[in-house]
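The values are calculated or read from the model by the stated rules, or taken from the named source; none is laboratory data. All values derive from a computational prediction rather than experimental measurement. Here the Cβ positions follow ideal geometry from the backbone for every residue, glycine too, while neighbour counts run over all protein chains shown. When the accessible area is computed, the model is the full protein with side chains, heavy atoms only, and any ligands, DNA or RNA have been set aside. Shrake-Rupley method; radii C 1.70, N 1.55, O 1.52, S 1.80 Å.
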Amino acid sequence: MISVAHVRLMARYNQWQNTSLYGAADTLSEAARREQRGAFFGSIHGTLSHLMWGDRQWMSRFSDVPKPEVSGKDSPNLYPDWDDLKSTRVAMDRTILDWANGLDPAWLEGELTWYSGIFKSDISKPKWMLVTHFFNHQTHHRGQVHAMLTAAGARPDDTDLMLMDA
């Protein structure tokens, strides 16, 4: 079981890391952000778009955020405009922080049931586990983006949680 304090820490970490990655990506050209680099979602832009898709998908299950209009396979193209993706990211990070800051510890003790489009069935899991997955999914794809940015010559900040300001 995780604590509300952990959820709040990870929400802050999410925002901190996204600020770093988007700032580094802004130093690249549009073509460099869209270059196919062999990642699961292809490019820096495609992976960041998928990450927004995933955050919206999970936050729609955790709160009143509208779920994405497209399936996961179409997620790299959900936000074709870079400036739109950036502004949506900033707003989503604020939404995640607000959700975490208002989270009731009792909520984490419950189960969540949702229909999985991937598995084509209802799934039930402990909420604390799904919140852990939510933050792990972000970290996984941000790691891919960090590697692509570095390979492209951009300089994102360190990713170590312990380096985040308290």
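Structure values in brief
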read-out: Degrees between helix 4-25 axis and first principal axis of the chain (Cα, 0 to 90, nearest 10); value: 10 degrees
read-out: For Arg56, net neighbour charge (Lys/Arg +1, Asp/Glu -1) across residues whose Cβ lies under 14 Å away; value: -2
read-out: Longest segment of the chain lacking GluC sites (Glu not before Pro) that sit in a DSSP loop with at most 11 other Cβ atoms within 10 Å; value: 1-68
read-out: Positive minus negative residues near Ala32 (Lys, Arg vs Asp, Glu; Cβ under 15 Å); value: +1
read-out: Over the chain: helical MRE at 222 nm, DSSP H runs n ≥ 4 each giving -39500 (n - 2.57), nearest 500; value: -19000 deg cm²/dmol
read-out: Pair Asp104, Lys125: separation of 7 Å Cα→Cβ label points (nm); value: 2.3 nm
read-out: Given charges at beta-carbon only (K, R positive; D, E negative), |dipole| of region 42-166 in Debye; value: 380 debye
read-out: Segment Val70-His137, extension gain: residue separation times 0.36 nm, minus the distance between their alpha carbons; value: 22.3 nm
read-out: Per residue value of the accessible surface for the chain (all protein chains in place, 1.4 Å probe), Å²; value: 51 Å²
read-out: Degrees, to the nearest 10: 82-101 long Cα axis against longest axis of the chain; value: 30 degrees
read-out: Accessible-area composition of the chain, carbon plus sulfur, in percent [1.4 Å probe]; value: 55 percent
read-out: Contour minus Cα-Cα distance for Tyr115 and His6 (0.36 nm per residue); value: 36.6 nm
read-out: Neighbour net charge for Met164 - beta-carbon separation under 11 angstrom, K R +1, D E -1; value: -3
read-out: Rough spin-label spacing in nm, given labels placed 7 Å along Cα→Cβ, for Ala147 and Asn77; value: 2.6 nm
